[in-house]
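To keep things clear, I will list the structure first and then write my remarks on it.
The values are calculated or read from the model by the stated rules, or taken from the named source; none is laboratory data. A quick note: this is a predicted structure, and the numbers were derived from the prediction, not measured. Here the Cβ is made from the backbone with ideal geometry for all residues, glycine too, and neighbour counts use every protein chain on show. In case anyone asks, the SASA skips ligands and DNA or RNA and just uses the protein heavy atoms, side chains included. Shrake-Rupley method; radii C 1.70, N 1.55, O 1.52, S 1.80 Å.
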Amino acid sequence: MGDKEISSAVIGRLPRYYRYLGELREQGVVRISSQELSEQMKVTASQIRQDFNNFGGFGQQGYGYNVEYLYEEIGKILGLTKKYRMIIVGAGHLGQALANHTGFESRGFILKGIFDINPKLDQMTIRGIPIQMTEKLPEFIKEQGVDIAGITTPSEAAREIATQLYQYGVRGFWNFANTDLHLPEDAVVENMHLAESLMRLSYSLYNNFYHKKLDENPFLEVMKK
């Protein structure tokens, strides 16, 4: 790959390729063409080839792609050959739901701790991991060498806690708070703004279904109101 700059759009599609290839791998599929992959993923074969060419191509003319090899190579590109130590800060409903998700470990994201400010949650366990109070974060991060912090606190607390976590040495932030984090350039932030995602869904649903169908179905006019 060298020093070539890869667009964020291409990088954004890599996890989806990885997921589909993982499913094909589990099904025992040995090889697949870009056309066959495009039919499953609803991405053009040309787009798939262009994306993979950013990293050397991976395929052979007339043969297609070896599923196992491509799955492993994309995993390497995504950095999944490394184990990441992760914490969750904010043990409300969303934080607990994330902590209960066992699929992260299979991808190399190892949940090491869960933190909150609510004393009623102190030492409650989720999958055997005790919830600790946030004042223990500096010592815990120093001992564990945390790579990623999932932030599920209320918006008004998220920026302050993210700044503190950065000062403690954390550089990866998985942000579920409905606010943007303002951190130094060497911090890596992945925002998961759920409300924005729902509004994008609303836009597509309205413009691709309701708006076009109003003239055809008067009942939808009532729903619109």
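Worth a mention:
- For GLY56, the conditions (1) in a helix (DSSP H, G or I); (2) open to solvent by 40 Å² or more (accessible area, probe 1.4 Å) all hold with the exception of (1).
- Residues located in segment 156-215, provided they are hydroxyl-bearing (Ser, Thr, Tyr) and in contact with a helix residue (DSSP H, G or I) (Cβ under 7 Å, 6 or more places away or on another chain): TYR168, THR179, TYR210
- Residue that is nearest to LEU78 (Cα to Cα) [pool: residues in segment 91-124 that are within 15 Å of the chain's Cα centre (by Cα) and among the polar types (S, T, N, Q)]: SER106
- Taking segment 127-225 as the region of interest, the helices (runs of 4 or more DSSP H) fully inside it that hold 1 or more residues being in contact with a strand residue (DSSP E or B) (Cβ under 7 Å, 6 or more places away or on another chain) and at pLDDT 90 or above are 137-144, 155-168.
- Candidate set from segment 136-173 (those that are of a type in the set (Lys, Arg) and farther than 21 Å from HIS193 by Cβ); member that is most open to solvent (accessible area, probe 1.4 Å): LYS142
- Here ASP180 fulfils each of the conditions (1) touching a residue at least 12 places away in the same chain (Cβ under 8 Å); (2) more than 15 Å from GLY92 (Cα to Cα); (3) touching a Lys or Arg at 6+ places or on another chain (Cβ under 9 Å) apart from (1).
- Test for TYR203: is it among the aromatic types (Phe, Trp, Tyr) and surrounded by fewer than 16 Cβ atoms within 10 Å (Cβ to Cβ): yes
- Count of residues meeting criterion [within 17 Å of LEU80 (Cα to Cα), open to solvent by less than 50 Å² (accessible area, probe 1.4 Å) and either assigned to a loop (DSSP other than H, G, I, E, B) or free of Cβ contacts under 8 Å to residues at least 24 places away in the same chain (or both)] in segment 1-46: 1
- Close Cβ contacts (under 9 Å, 6 or more residues apart or on different chains) running from residues in segment 101-116 that are within 13 Å of TRP174 (Cβ to Cβ) to residues that are among the charged types (D, E, K, R) comprise PHE109/LYS83; PHE109/ARG85; PHE109/ASP147; LEU111/ARG85; LEU111/GLU105; LEU111/ARG127.
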